[in-house]
Amino acid sequence: MPNGARAQVGWMWKGSRAGHTIMAEKKAGKLVFIDPQTQSIKNRDEFVADVKARPRYAFWAFRVDNRELDKEMVKLIMKESKR
């Protein structure tokens, strides 16, 4: 991934039907993992240590910085502000 590229990273928790998704961004040649839900930011080593501490399976990742929003999908998942 080039610098400035962003990706969505997701997984399923081992032994569960639940999963989670975070963002990854390449900054200054290094990957940074950002979890908007918990507001945590981890470098690659911290992310790998976290994966080892809480097993996961079915990982996936895909770039999102080079994609356009699907405006029809946005209408389905967002509500217009009343302000």
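Quick look at the values:
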quantity: Amide H contacts of R56 (H built 1.01 Å from N, under 5 Å, at least 5 apart or other chain); calculated: K14
quantity: Projected area averaged over orientations for region 38-79, convex hull of C-alpha atoms, nm²; calculated: 5.1
quantity: Region 32-41 - phi-based ³J(HN,Hα) in whole Hz, Karplus 6.51/-1.76/1.60, Gly and Pro as x; calculated: 10, 9, 10, 10, x, 5, 9, 6, 9, 10
quantity: Count of Lys pairs (Cα-Cα under 14 Å; at least 8 positions apart or interchain) in the chain; calculated: 5
quantity: Region 17-78: GluC sites (Glu not before Pro) in DSSP coil with no more than 10 other Cβ atoms inside 10 Å; calculated: E68
quantity: Coordinate range along principal axes, alpha carbons of region 13-58, Å, largest first; calculated: 36, 20, 16
quantity: Cβ-based exposure ranking for I77, I22, I41, in which fewest neighbours within 10 Å come first; calculated: I77, I41, I22
quantity: Overall form of the chain per C-alpha gyration tensor (a/c, 1.5; a/b vs b/c); calculated: oblate
quantity: Mean ellipticity per residue at 222 nm, deg cm²/dmol - from DSSP H runs of n ≥ 4 across the chain, formula -39500 (n - 2.57); calculated: -5500 deg cm²/dmol
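Read-outs: derived from the displayed coordinates by stated rules, not from any lab. Because the structure is a prediction, the values reported are computed rather than measured. Backbone-built Cβ (ideal geometry, glycine too); neighbour counts: all protein chains shown.
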